[in-house]
Amino acid sequence: MIDLQDLKDNFNLEAVFNLGPPKEYVGKLDSGMEVLDRIDLVLTQTFDAIGSLPFRQLVVKGGDKKVIIFYYRNNFVGVVANKDENVESILKYIYEKESAVRAKARVKEKKPERVVVEKKEKIEAEKVKKEEIFAEEKEAEKEEIKAKEAETRALKAEKKEEVEEIKEVSVPKVILDARVIDDIEEIAGNYLGDFSLDIVSNVIEDSGVNREKPTKDQVLEVAQSLKDAAALIVGPSKAKKLKEEIMKKIEEER
């Protein structure tokens, strides 16, 4: 187990976190556990999508700092560091600490062989149990996400039926310029990056938008659905800004 406080103090890091279980962090981390939950969700969905083994390390660079996530002993450990911080130095420090702990353990008085064997078996059993618990928690998270997605689709279907009923007695539909769909895809890409293509395609397909003659009410539905989907990935605040940009673009195209 990595001593998060020791690692933070040694490199003067802004924050150090462990995706667990249990999830924990030390240092300055806005929104705390909510941020860890979103990072864990994105990593889980990414590996499920590509079907690949975890990476050794992932570096996300920002303006004056960067986030580094290590895959260490079947777990993800991350740090928020200065943009010039050396990644290999941090890794070297972690493994040297581990080696020192092991060396110290070897020089202690040797215990009877039977006691050593029993302790080893106990450790292995605990390790297996932790791995099983971890797998169960991941599976439970996946099921919860699927349930939420199903609930969202059901709510969308209900809203769609309500809108269709209202349309029958409403004024003629307002048709927007076809380029508004391209503008929405571009805006979503700025906020969601590589996730935007699949998300926008799914939302547009669910809403039944005619790309050549999109109606205003359909485009408004797309804007709300994109906001709901983006909240799980970039957080409620950025999701709200995403919708505001789309709403502004809709008004410009009228």
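If only one of K142, K129, K138 is exposed (fewer than 11 other Cβ atoms within 10 Å of the Cβ), modelled with pLDDT of 80 or more and assigned to a helix (DSSP H, G or I), which one is it?
K129
Anything in the range 174-212 that is of a type in the set (G, A, S) and exposed (fewer than 13 other Cβ atoms within 10 Å of the Cβ)? List them, or say none.
G193, S201, G208
Only residues in the range 117-129 that are more than 19 Å from N74 (Cβ to Cβ) count as the first member; pair them with residues that are open to solvent by 90 Å² or more (accessible area, probe 1.4 Å) and modelled with pLDDT of 85 or more, Cβ under 8 angstrom, at least 6 apart or cross-chain, and list the lot.
Filtered contacts from the range 117-129: no entries.
Report the residue count in the range 35-71 for those that are among the acidic types (D, E) and either in contact (Cβ under 8 Å) with a residue 24 or more places away in the chain or open to solvent by less than 70 Å² (accessible area, probe 1.4 Å) (or both).
Qualifying residue count for the region: 2.
I'd like the residue in the range 72-94 that is open to solvent by 80 Å² or more (accessible area, probe 1.4 Å) and of a type in the set (D, E, K, R) and, out of all such residues, is modelled with the lowest pLDDT.
R73
Output the number of the condition that E126 fails; it satisfies all remaining conditions of (1) within 16 Å of I2 (Cβ to Cβ); (2) under 29 Å from the mean Cα position of the chain (by Cα); (3) among the charged types (D, E, K, R).
So E126 meets the others, but not (1).
Answer yes or no as to whether L58 is within 16 Å of the chain's Cα centre (by Cα) and of a type in the set (A, V, I, L, M).
yes
The values are calculated or read from the model by the stated rules, or taken from the named source; none is laboratory data. Model, not experiment: these values are computed from the prediction. Every residue, glycine among them, receives a Cβ derived from its backbone with ideal geometry; neighbour counts consider all protein chains shown. We work out accessible area using only protein heavy atoms, side chains counted, and drop any ligands, DNA or RNA first. Shrake-Rupley method; radii C 1.70, N 1.55, O 1.52, S 1.80 Å.
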